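Visitor: What follows is a structure written as structure tokens; I'll ask about it next.
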Ligand code: ADP
Ligand code: ADP
């Protein structure tokens, strides 16, 4: 699903060019759950932004489902993101002015899905995330765990091939954190590939493999369990 080879990303500040990613290579198979770990500043966010097609690498290759992404124009990346990728963030990133239903409906509006089909898909995924009883509430009327369930609903309503999760349990207590990890594991077991950045050793145990970054390079890659085995 994902093949990254000799990827580099540099940022120029003043006269200095610093490499946030310096020759990173790895593969993530279809259906795999991968965790990316490493200390602050090692390049995790930069890597997730590239894998999520939000940003373009400076050099190297990124293939997604056989397509070369590196070097694509921003509008081409935007097109590829739609329907293929779903994002889950640490701070949920829901739109405060929209209800739960409307937040989850938004990606389907971008995909020009008609209204009755949107209603059907949104209600189905809200029920799946056990948050349908809150469809007319606004994000600030919900607990953190509930907001993250809405955010996951929004990420998966389009049936994406890949979910990118940036510290998905970072703002949750352990009970809600475990619930979110169980939901991600369920989605993965149904075939969705997941790439998750985390600082949590507990969360990393849910992944098939852990890619450890250090100073913009892959330091180690550890296999927790084989693809196709249940946690
Ligand atoms: P992490 O997510 O692991 O904390 P980042 O990917 O955010 O690491 O950052 C990796 C390195 O790249 C850091 O040294 C950071 O300062 C630098 N960096 C990231 N984004 C930018 C940017 N937009 N401009 C300049 N430097 C950046
Ligand atoms: P669920 O309906 O998903 O089982 P609950 O209804 O048991 O969840 O959630 C506990 C209650 O506490 C809810 O009414 C929820 O809105 C409320 N709640 C918890 N934390 C917050 C918060 N930070 N802000 C607003 N409401 C909160």
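The values are calculated or read from the model by the stated rules, or taken from the named source; none is laboratory data. The structure presented is a predicted model; accordingly, all values stated were derived computationally and were not measured. No Cβ is skipped: glycine too gets one built from the backbone with ideal geometry, and neighbour counts run over all protein chains shown.
Visitor: Tell me, yes or no, whether segment 170-180 has at least one residue that is surrounded by fewer than 18 Cβ atoms within 10 Å (Cβ to Cβ), touching a helix residue (DSSP H, G or I) at 6+ places or on another chain (Cβ under 7 Å) and closer than 21 Å to residue 38 by Cα.
Guide: Yes, the conditions are met somewhere in segment 170-180.
Visitor: Another question about this same structure. If a residue counts only when it is farther than 26 Å from residue 168 by Cβ and either away from ligand 2 (no atom under 16 Å from the Cβ) or at pLDDT below 95 (or both), which strands (runs of 3 or more DSSP E) contained entirely in segment 1-92 have at least 3 such residues?
Guide: 2-13, 16-28, 59-64
Visitor: Could we say that residue 158 is modelled with pLDDT of 95 or more, under 27 Å from residue 97 (Cβ atoms) and in contact with a strand residue (DSSP E or B) (Cβ under 8 Å, 6 or more places away or on another chain) here?
Guide: Answer is yes for this residue.
Condition check ((1) over 18 Å from the mean Cα position of the chain (by Cα); (2) over 18 Å from residue 161 (Cα atoms)) across all residues:
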site	(1), (2)
21	yes, yes
25	yes, yes
33	no, no
36	no, yes
54	no, no
61	yes, yes
67	yes, no
